[in-house]
Structures are given as C-alpha cells and as structure tokens.
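The values are calculated or read from the model by the stated rules, or taken from the named source; none is laboratory data. Owing to the predicted nature of the structure, the values given are computational and were not obtained by experimental measurement. FYI the Cβ positions are ideal-geometry reconstructions off the backbone, even for glycines, and counts take in every protein chain you see. Keep in mind that these areas ignore ligands, DNA and RNA; they rest on the heavy atoms of the full protein, side chains included. Shrake-Rupley method; radii C 1.70, N 1.55, O 1.52, S 1.80 Å.
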Amino acid sequence: MPEPNGRHNEGNSSPRLASLTLVPHAADRLTAKDFKSDQEVRWCPGCGDYAIVAAFQAFLPELEVPRENVVVISGIGCSSRLPYYVDSYGLHSIHGRAPAIATGLASSRPDLSVWVITGDGDALSIGGNHLIHALRRNVNIKILLFNNRIYGLTKGQYSPTSEQGKITKSTPFGSLDHPFNPVSLALGADASFVARTIDSDRRHLTSVLRAAADHRGAAFIEIYQNCPIFNDDAFAPLKEPAASAERLIRLEHGEPVRFGPGASRGLRFGSHGQLEPVDVAGADPGTLIAHDAHRDDPSYAFALSRLDTADFAHIPVGVFRQVTQSSYDELMADQIAAARRHSGPGDLAALLAGNDTWEVH
Amino acid sequence: MTKQVQTLDHVIIRFAGDSGDGMQLAGDRFTQETAAFGNDLSTLPNFPAEIRAPAGTLPGVSSFQLHFADHDILTPGDAPDVLIAMNPAALRANISDLPRGGDLIVNTDEFTKRNLTKVGYAANPLEDGSLEQYHVHAVPITSMTVKALESFDITRKDAERAKNMFALGMLSWLYDRPAEGTLGFLKAKFSGRPEIMQANVAAFQAGWNFGETTEAFSVRYEVKPATLAPGSYRNISGNTALAYGLVTASQLSGLPLFLGSYPITPASDILHELARHKRFGVRTFQAEDEIAAVGAALGAAFGGSLAVTSTSGPGMLLKAETIGLAVSVELPLIVCDIQRAGPSTGMPTKTEQADLLQAMFGRNGESPVPIVAAASPADCFSAVIEAARIAVKYRTPVILLSDGYLANGSEPWRIPEIASLPDLASEFAFATPGADAGAFQPFLRDPATLARPWAIPGTPGLEHRIGGIEKADVTGEISYDPDNHDRMVRLRQAKIDGIAADIAPLRVDDPDGSARVLVIGWGSTYGSIGAAVRRVRNGGHPVAHAHLRYLNPFPPNLGEVLRRYDKVLLPEINLGQLALLLRGRFLVDVISYNRVRGLPFRAAELAGVIEDVIGHA
Ligand code: SF4
C-alpha cells in the first residue's frame, strides 16, 4: 500500500512523547509564534478561549514535530473557531462530529498529531455519541473540551453542563435537566486518559496538555472556561486565590492527596466506595489515599470525579486516570501488517478472479 | 429406467421455503453450479427482513429465483417455470406466480393439518384438485432425507436440516448440473464437523439418486452453455462487485482505501467483504452510527485516503450534513447508497429506486453532488471505479446508487484484465510543497476542472484551515461577503456541471434508426427494460432504448436524444423521480411508468407498456 506522503518517523535521539512515536521529529525547534495564524481572532473580549489558545500555541513546540504534522479538528461553537488561529492543518467541521472525523484521520494517518477542540454543547449534547465511542476505542486523538456551561455562539441557552434551574433565554423559568459531569462521563466510557484543568491557570493547563500528548490513545481534557458574555464567573469560586486553595484538589500521581488550608485535608474511602474529605490531623494515616492515576479499574477515578458539587466545595483538577492500552490506529495497522505477513500483499488479479471461474473460448 | 432428455433454451427456477429451510443457500449453490456449467444467468433472492420470522408462516417465506439460459439474458425472469415449495406457506405465497402447466415440486411431509391451517388452507391443496393445472411432483423430501441419513450419528433435527441439500441434489440431477462445486463447498463449510458434512453430502446424493430413479420425474432437462464473449468468467453479486471495485480503485489510484460504515440492510455486505481484504491495506471502520461512518471517511479523505462510506436510504439522511461539508470543503468522498424500499424503515430487504431526489437535493443550500448509477450486479464494479475517478479528479463527494436487487442479485462477470482498467493515478495529484514562499491558497482552482488543491496534512508549507463556513474564493479564508458567496455557489455548481464534458455521451440502442419511441431508464431497471425491448422488437415493433449511468450531471447529449423521439417512456421503481428532473431540465413530456412493489419490473409487463405507447405514437 502506498503511504499517502511517504513520510516516516525519522530516527531521533530525544525521548518522544508517547502519542508521537510514529510522528516525524521536527528538525528545528519551533516557537509559539510559528503556530499563530494570521487570522484575526474573533472571540469576545475577556473570553477564556484567548488564554487557552495562547497556552496551546505556546505548548505545541514542545511536541517537537513539524508544524505540518499537527492537525486541529473542531466542531461548531465558540471554541470550535480555534483551528483558524493555529497555523497548522485545521478542519472546522460540523456540530458534534469532530471526534468522528478525527477518528478517520488519526486511524489512517498515524504520522499526525491530531487535536480535537470542542465545547460542552458540541461534545456532550449533539456529539455525545461520537465522544463516548472515540474514547472507548482509544483512538490516538487529544480532545480538549472547553466547558463554559452555556451555549455561547447561539447567544446564551443553557447547556448540558449548566446547573439545574439555570435561567436563560430558552429557560426563563429555569432549566429542568440535570447536568452532566464530563469527567464522570468520560470515565464511564472507559477513557484511558481523563483530566481537568482551568483556563486561567496556564501552568496547570500546560502540564495537562503535556501529559495528554504523552499518552498514546484517546485523551480527554475538560477545561473550565469562562464566558464573560453569557455565563460570567461560572467558575469564580475556583479563581479567588484564597478560595481556590480550599476548593481545588490538585491531583499528582503518586502523591498523597492534600488540599485545604495548610494542606490540612485529605481523602479516604467511605463505606460505599465513595471518597470523603477528612482532616488529616485526626485521621488514621493508613486510610488516607495517595493519588494513583494508573489504576486499571476506573472506579477510583470515578469516585474522585464524584467529589464535585454544584457549590464547588471540592473540585479535583489534574489527571484523574491514565492507563496504557493499545490505541485503535495501532491495532488497525497491526491487523493489516499481520494479514500481509500471513498471506503477502494483495494480488488484485487473484482477488477479482476468485475461486470459481470458467473459461469461454 | 432411462429418462427422456429434453433440451431447453432457458429455465426459471424458484426455490421457496421457510426462512430456516436454507433456500438462499440452495439457490446460491445451484447458481454456482450453473455458472460453472457456463450458462448465462441472473438471480433474484427475496427474503424477509426478520432473521427468523415465525416458522411456517407467510411472512417467514424466503425464496430464490434463478434464470439460466443458453443465450445472454438480462433478468431473473418474470415467472418461474419450476417452483419448489418446501412447505404450505411457500406454496401459498408463490403459487400465483407459477404459470399454468408449470412444474411444481412439493415437499409433502410439511403438508400437515397444522401447517395448512397456519396459512389458511382449509383443505390440503395436494388433495383437493386445486393444483390440477400444474405438473405436480409430490416428494416427501423431509422424510426421505431423514431416512437417507439414518446411519449417521446426528440428531433428527440436523438430519431434517439437510433437506435443502436433498432438494438441491434432486434439482441438480433434473437439470444436469455439475455437482463437484457443491460437494467441495460442503466439505469446506463443515470441515470442523465431519458428521454434518458427510450427512449433507449424503443428502445431496440421495436427492440426485432419487431424481434418477423415481417416476416422479419422467423427463430430464438440459440447457446448453451460453455463447458469451470469450474470456474468464465468474459469478458475482452487486455488493461483491462494488467492494472489488473499491479495492481496485484504491490500487489503480495508489490511494489507501478507508471505508467508514454502519451496518444496514442491504449494504452491510460491502463492509463484510472489504473487512476481509486487509492485505490490500484496506481500513474498515464500523462506526457508532451513520454520521460517524461518513465523518470518519471524510477525515480519512482529508488525510489522503480513497474514502468511502456505504449505506442505504435511512443512512443517507443521517449522512446528509457531512456530505454537505464535503461539498463545502471540496474533498473526494464516495458515498454508496444501496437503495431499499422506503419511506422510513420501509421494506429493508426489498428493492426501490426512490432515493434519486434525495441524492440530488437532500442537503441544505446549493449543494451539487455527482451521481453515478449501476445498471446490473456486475456493473457495480465499473460504476464505483467511475465514481472514484470523478471524486478524486474533481475533489467532490460522489453518490453511487445501487439497490437491493443489484446488491443481492448475481450474474456472470467477465473478469477484466487489470491493464484494461482506467489509470486513476493520472487523474489527480496531491498538492506538493510550495517552492515559493507565498501563502498557500487552498481554493485556487485548476482552470480546467475547477478542482481545488488536495493538500494533505504532513505536506510542509501547505498548512491551511478549511471548514463548513463560506470561504473566500482563492484564499479560502472565512468570508461573509455577499458577492463572494454568489461566486462560490456558482463555482461549486460549475465544477459539477463541467464533469459532463468528461463522461461518455448517452448511447442509444436503436438498431435500424426507425424507432419513434424511446424507452429511457437508469440504474437497476436496465435488465428489465432491455428484456422488454427485445420482446417488443421480436414482435416487429421498432423501439429505442437508452440507459443513464450519470444522473448528475447528465451526459451532454441527453437533451438532443430526448428530443429526437416522438415519445419518451421512462419506467422507474419510484413515482417518477427522474421524470421530474428530465421534464424540469429539458421540457420534454416524458411518459412515466411506475410500480413500487419492492421487486424489479417484469419484462412482459414493460413490453406491454412499451407496445401501448408505440400504439399511440
Ligand atoms: S460568547 Fe462567550 S464563549 Fe463565546 S466568544 Fe463570547 S465570551 Fe467566548
């Protein structure tokens, strides 16, 4: 089979991020500027998307792959405009379908680093089916879900992550439906990499992007994103410096989970497998948990995701789960290679002739 | 006893039984034997959508009709000469199609009071004289099969299950078919269960021997091989031919094949077939739904694959938005719609031609898509290669229309020489890294084809963004400019219209040029119309026949052809969809003939319609 562009991973010495083992290595170190397109950015002033795209552009050189091997695919919504602002290959597709389109690209072109940009409406409402299936298949794509808990582009209707009772144009008496927890949803779909971060914390956001790029298979990142126009301060309780120490549970693999004033609080398992915050001082140290993102069983990560409450009392951020599984594109390529090993490359004339032919003279 | 041998020029056999009786298998095997013998043939499998409808009921009846001849034939035949009815339900559902004097082979064992009552027979038709007008061959097929297998260590149920092989053996004797292929097939199929394999072989042989010795059959028939064009032949169904066409297009173009698909009747066999050919680098992706199937295909097209999605009418609806995106971003995509009876779920296993207007217009905005329609099962091979050629050359989605009849029906196919196939690699090229430092212009069109560059990720210097938002001409940047939109709408249309200059003109079959009536058709009606036209001509009436392979754009000479005749008759298995297009485009008052029964037209019926039109011309 002819490979589309005949490019392969040229040998390189530096250790590669796990998702990029089949992607060519960049000869020259790129900069954030190399990934800025000449397009005028059209988000509203103060939109959280600005911080995210800046962090993304600044991070991309770390991949050490040529610019032309980075592809950004999005659906529809405010966040989905992002591909226009990144100078690489980009596809701004249709509502909810980006994970499906990216699946076709990533599974046929393992030499690309494929990023999906989506929002809470795009990924969880109209595209919910594609999201869960892309995650369970473990396609080598990185999905960045910008969660602003509102429909921005259509001017402010409640979304599948809006809190119940949300007053919007489409719900003047309050929304009736119960919101999704995106992290719980991704874990329920058996995603092999699930993380959460916040638009305003560039360092944390970058560290999560790095961890996602270092994961072979599907990576899901929920990014809390502020929409100052239609849902301002949705995440305000997490952003005041004093409050954030109280509320944010920063997950670090292998480290004891500590949060609250002076890291005085920790987590332990309750009677039904749920996680409960406790004062470290009074607790039996053996019961306090250290974060283990590599647990094969997703139940623990799921329990972490259930600590979220509507009042933001406790919000874990960081990598909830990261387990090693074969990625879909690898398995697909392996089947082709195995078939060729077993019976050689295809012979078209033999295929067309089949086994039951007869001759007419 | 010596039997009289009678030579026939053609025979139409219909195997009919319960869904669980293995009629499709028996029909398939008889077809393979017939193909190996060298007859021309055409088949019509007809089965319920339910996998196992309640046993012995009318909805559970499954049948397989095969027409074979010593000359070239075009259809599976209107009515059977021979009907094999494995139970009362099969008799009841099919007897009205058997002409007076036809041969009826009945499995008498199943004609119990209970089975008769189940399908509304108050009296046993084998005894009440109601079948007097047929040549009835009453054969206790089930009990004879069981008896023949007495010595085998298998259950009674397994023994009964071999009755289709008994019937097949009997028919194979009756028409002097070569048995080796079937015996080889049984050996391979049941290689893991030697007892069952031997039992099936024994049942087949018992059926054969029964034919030879019984007095139920006094005559044995022969149908001489057909004189087809010289070459190497095989029997092929439409879906297999389509799958092979896709593998071939991939090889000819040098593009890796990617199929995104979701299971749907009657298209699933394309997915099944392609999934087997990984050696050719074929990637098959069974998606979570129809939308993801076409979405993944479009993603693969963006990356430089020969991208395909296969489906039927209900799936086409779900794919419409993504096909629209493919129109807008101008990427090659092959969409195979194996039409079935609608609306909605309709009749999944039955054929219809009613997706034409959906293919033509079923998207928002001005969204032109080329349409190619296959005319026969074997023609699916070259039709889909042509669809691929148009897709890669013009960077556009192309809809390939087939249908349930073509998909499951089969006919002999002269296996093409690889060297005779079109060189798709010369029809397109990926954009190459720009030597100039200037910005890449993703919508700068080729002046001849109006195609935009196919610049695949991984190509340095051609980084660009595309999407479903309107793009500025040439630069491809987002544009809401009114005049630009008008220009882009017209450019996209002009690109598709321009394909007319790159396709074969419509060929008219009008042997002596004296016809005043033209019969025109498209898609799977080719065989029925062709057979009807032959009948009419044999009756001494001149009539012209033309068949459209390209539904969008139309061949450039179509208007002229339509105006050349006093009357234009257009039979369609819909309520006049192509007629609407022809009238709208050419202001020609075509006469529509429409039947939407989920079955192909009968040649005799169409011949009558043509004669009527000629009579009034
Ligand atoms: S509507 Fe909200 S999310 Fe959309 S661009 Fe404006 S601020 Fe950002």
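Please verify whether B:TYR394 is more than 12 Å from every other protein chain (Cβ to nearest Cβ), among the aromatic types (Phe, Trp, Tyr) and closer than 25 Å to B:ASP269 by Cβ, treating the condition exactly as stated.
Numbers: more than 12 Å from every other protein chain (Cβ to nearest Cβ): yes; among the aromatic types (Phe, Trp, Tyr): yes; closer than 25 Å to B:ASP269 by Cβ: no.
Judged against the criteria, B:TYR394 is not a match.
One line per residue, one yes/no per condition, for (1) free of Cβ contacts under 8 Å to residues at least 24 places away in the same chain; (2) over 23 Å from the mean Cα position of the chain (by Cα):
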position: A:THR324; (1), (2): no, no
position: A:TYR328; (1), (2): no, no
position: A:LEU331; (1), (2): yes, no
position: A:GLN335; (1), (2): yes, yes
position: A:ASP347; (1), (2): yes, yes
position: A:THR357; (1), (2): yes, yes
position: A:VAL360; (1), (2): yes, yes
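Only one entry in B:GLU330, B:GLU321, B:GLU288 is farther than 30 Å from B:GLY60 by Cβ, open to solvent by less than 10 Å² (accessible area, probe 1.4 Å), over 15 Å from the mean Cα position of the chain (by Cα) and among the charged types (D, E, K, R), namely B:GLU330. Set side by side, the residues A:ALA243, A:ALA234, A:ALA263, A:ALA189 differ, and just one is hydrophobic (A, V, I, L, M, F, W, C), farther than 20 Å from A:HIS291 by Cβ and surrounded by fewer than 17 Cβ atoms within 10 Å (Cβ to Cβ), which is A:ALA243. All of B:LEU400, B:LEU356, B:LEU424, B:LEU406 fail the test of being open to solvent by less than 10 Å² (accessible area, probe 1.4 Å) and within 14 Å of chain A (Cβ to nearest Cβ), apart from B:LEU424.
Put simply, of A:ALA106, A:ALA54 the only residue that is within 19 Å of A:ASP214 (Cα to Cα) and more than 7 Å from chain B (Cβ to nearest Cβ) is A:ALA106.
Comparison of A:ARG210, A:ARG196, A:ARG136 shows that the only residue that is more than 16 Å from the ligand (Cβ to nearest atom) and out of contact with any Asp or Glu (no Cβ under 6 Å at 6 or more places or on another chain) is A:ARG210.
Residues of the range A:141-158 that are open to solvent by 10 Å² or more (accessible area, probe 1.4 Å) and either more than 16 Å from the ligand (Cβ to nearest atom) or part of a strand (DSSP E or B) (or both): A:TYR151, A:GLN157.
Within the range B:295-312, being touching a Gly at 6+ places or on another chain (Cβ under 9 Å) and closer than 9 Å to B:TYR262 by Cα holds for B:THR309, B:SER310. Annotation: A:ILE132 fulfils all but one of (1) without any contact (Cβ under 8 Å) to a residue 60 or more places away in the chain; (2) in a loop (DSSP other than H, G, I, E, B); (3) open to solvent by 10 Å² or more (accessible area, probe 1.4 Å); the unmet one is (2).
Within 14 Å of chain A (Cβ to nearest Cβ) and open to solvent by less than 10 Å² (accessible area, probe 1.4 Å), is that true of B:LEU274? When the stated conditions are applied, B:LEU274 passes them. Of the strands (runs of 3 or more DSSP E) contained entirely in the range B:59-161, those carrying at least 3 residues that are open to solvent by less than 40 Å² (accessible area, probe 1.4 Å) and touching a Leu at 6+ places or on another chain (Cβ under 8 Å) fall at B:61-69, B:82-85, B:103-107.
Filter the range A:224-257 for residues that are in a helix (DSSP H, G or I) and either closer than 25 Å to A:PHE193 by Cβ or within 16 Å of the ligand (Cβ to nearest atom) (or both) and give the result. Those that are in a helix (DSSP H, G or I) and either closer than 25 Å to A:PHE193 by Cβ or within 16 Å of the ligand (Cβ to nearest atom) (or both): A:ALA236, A:LEU238, A:LYS239, A:SER244, A:ARG247.
If you scan the range B:447-496, which residues turn out to be over 17 Å from B:ILE323 (Cβ atoms), of a type in the set (Gly, Ala, Ser) and either open to solvent by less than 40 Å² (accessible area, probe 1.4 Å) or outside any loop (DSSP other than H, G, I, E, B) (or both)? Matches in the range B:447-496: B:ALA451, B:ALA455, B:GLY458, B:ALA472, B:GLY476, B:SER479, B:ALA494. Restricting B:THR31, B:THR43, B:THR7 to residues that are β-branched (Val, Ile, Thr), under 23 Å from the mean Cα position of the chain (by Cα), more than 14 Å from chain A (Cβ to nearest Cβ) and not in a loop (DSSP other than H, G, I, E, B) narrows the list to B:THR43. Restricting attention to the range B:1-55, the residues being more than 19 Å from B:LYS157 (Cα to Cα), in contact with a strand residue (DSSP E or B) (Cβ under 9 Å, 6 or more places away or on another chain) and acidic (Asp, Glu) number 3.
Checking each residue in the range A:159-184 for being within 11 Å of A:GLY121 (Cβ to Cβ) and either within 14 Å of the ligand (Cβ to nearest atom) or surrounded by fewer than 18 Cβ atoms within 10 Å (Cβ to Cβ) (or both) picks out A:SER159, A:THR161, A:SER162.
For the range B:277-318, filtering for residues that are more than 10 Å from chain A (Cβ to nearest Cβ) and closer than 19 Å to A:LEU131 by Cβ leaves 3. Please work out if B:ALA439 is assigned to a loop (DSSP other than H, G, I, E, B), modelled with pLDDT under 95 and surrounded by fewer than 24 Cβ atoms within 10 Å (Cβ to Cβ). Taking the combined requirement at face value, the residue satisfies it. Taken over the range B:551-581, the criterion of being more than 13 Å from B:GLY521 (Cβ to Cβ), in contact with a strand residue (DSSP E or B) (Cβ under 8 Å, 6 or more places away or on another chain) and touching a residue at least 60 places away in the same chain (Cβ under 8 Å) is satisfied by B:ASN552, B:LEU575, B:LEU581.
Pairing residues of the range A:221-240 that are away from every other protein chain (no Cβ under 14 Å) with residues that are within 7 Å of the ligand (Cβ to nearest atom) and in a strand (DSSP E or B), at Cβ distances under 8 Å and at least 6 apart in sequence or on separate chains, gives A:ALA234/A:CYS227. Taking helices (runs of 4 or more DSSP H) as the structural unit, those lying wholly within the range B:167-261 and holding at least 3 residues that are modelled with pLDDT of 95 or more and open to solvent by less than 10 Å² (accessible area, probe 1.4 Å) correspond to B:194-213, B:238-253.
Against the test of being within 16 Å of the ligand (Cβ to nearest atom) and among the β-branched types (Val, Ile, Thr), the options A:VAL72, A:VAL53 yield a single qualifying residue, A:VAL53. Can you work out which of the residues in the range A:28-50 that are open to solvent by 100 Å² or more (accessible area, probe 1.4 Å) and more than 13 Å from the ligand (Cβ to nearest atom) is farthest from B:PRO460 (Cα to Cα)? The extreme case among them is A:GLU40.
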